[in-house]
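As structure tokens, the structure follows; a few thoughts come after it.
The values are calculated or read from the model by the stated rules, or taken from the named source; none is laboratory data. Being a predicted model, the structure only gives us computed values, none of them experimental. Please note: Cβ atoms are built from the backbone with ideal geometry, for glycine as well, and neighbour counts cover all protein chains shown. Just so you know, the surface numbers come from the protein's heavy atoms only, side chains and all, with ligands and any DNA or RNA stripped out. Shrake-Rupley method; radii C 1.70, N 1.55, O 1.52, S 1.80 Å.
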Amino acid sequence: MTARTLATAPIMILNGPNLNVLGKRQPEIYGSDTLADVEALCAKAAAAHGGTVDLRQSNHEGELVDWIHEAREHHVGIVINPAAYSHTSVAILDALNACDGLPVVEVHISNVHQREAFRHHSYVSQRADGVIAGCGVQGYVFGVERVAALVTAATAPTAG
């Protein structure tokens, strides 16, 4: 199988519960940017590396798991904001663990470590190649940049 590159497969950007109301829900915590704004920022960041994004959002854990399985076969990496599922979902962790060799970056808009104690633990972090928290929606851009760097490093020709 030929290695997927940024030119041949998109970066999947997954968003968990309540992110469909980003920009409206608790703007004092999450800001006023919408998920459409996030998608535009991520598309621009990926394009700078010759790539594209496939942004999705679901309030349903099983659908997120299904999309992770899809990413395993058809995407070059995953940027995931699992939202509340960060703290509860072994199923999402197990799905991500099945993504051998696929870069995964976890993103949180708010700084979860400055919030309630239950938000300090993330199952997803156990699999993530990087975790970005507290940078607002700009964290997604950082996530795309990190996935692009990991993919580029993994697909670069070796000197020999």
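Figure legend. Inter-residue proximity from the stretch 47-72: first residues within 12 Å of Val144 (Cα to Cα) and touching a residue at least 60 places away in the same chain (Cβ under 8 Å), second residues open to solvent by less than 30 Å² (accessible area, probe 1.4 Å) and among the small types (Gly, Ala, Ser), beta-carbon distance below 7 Å, spacing 6+ or different chains. Indicated pairs: His49/Ala148; Gly51/Ala148; Val53/Ala46. Would a scan of the stretch 118-127 turn up a residue that is within 27 Å of Leu6 (Cα to Cα), open to solvent by less than 40 Å² (accessible area, probe 1.4 Å), touching a residue at least 24 places away in the same chain (Cβ under 8 Å) and touching an Asp or Glu at 6+ places or on another chain (Cβ under 7 Å)? Looking through the stretch 118-127, at least one residue is within 27 Å of Leu6 (Cα to Cα), open to solvent by less than 40 Å² (accessible area, probe 1.4 Å), touching a residue at least 24 places away in the same chain (Cβ under 8 Å) and touching an Asp or Glu at 6+ places or on another chain (Cβ under 7 Å).
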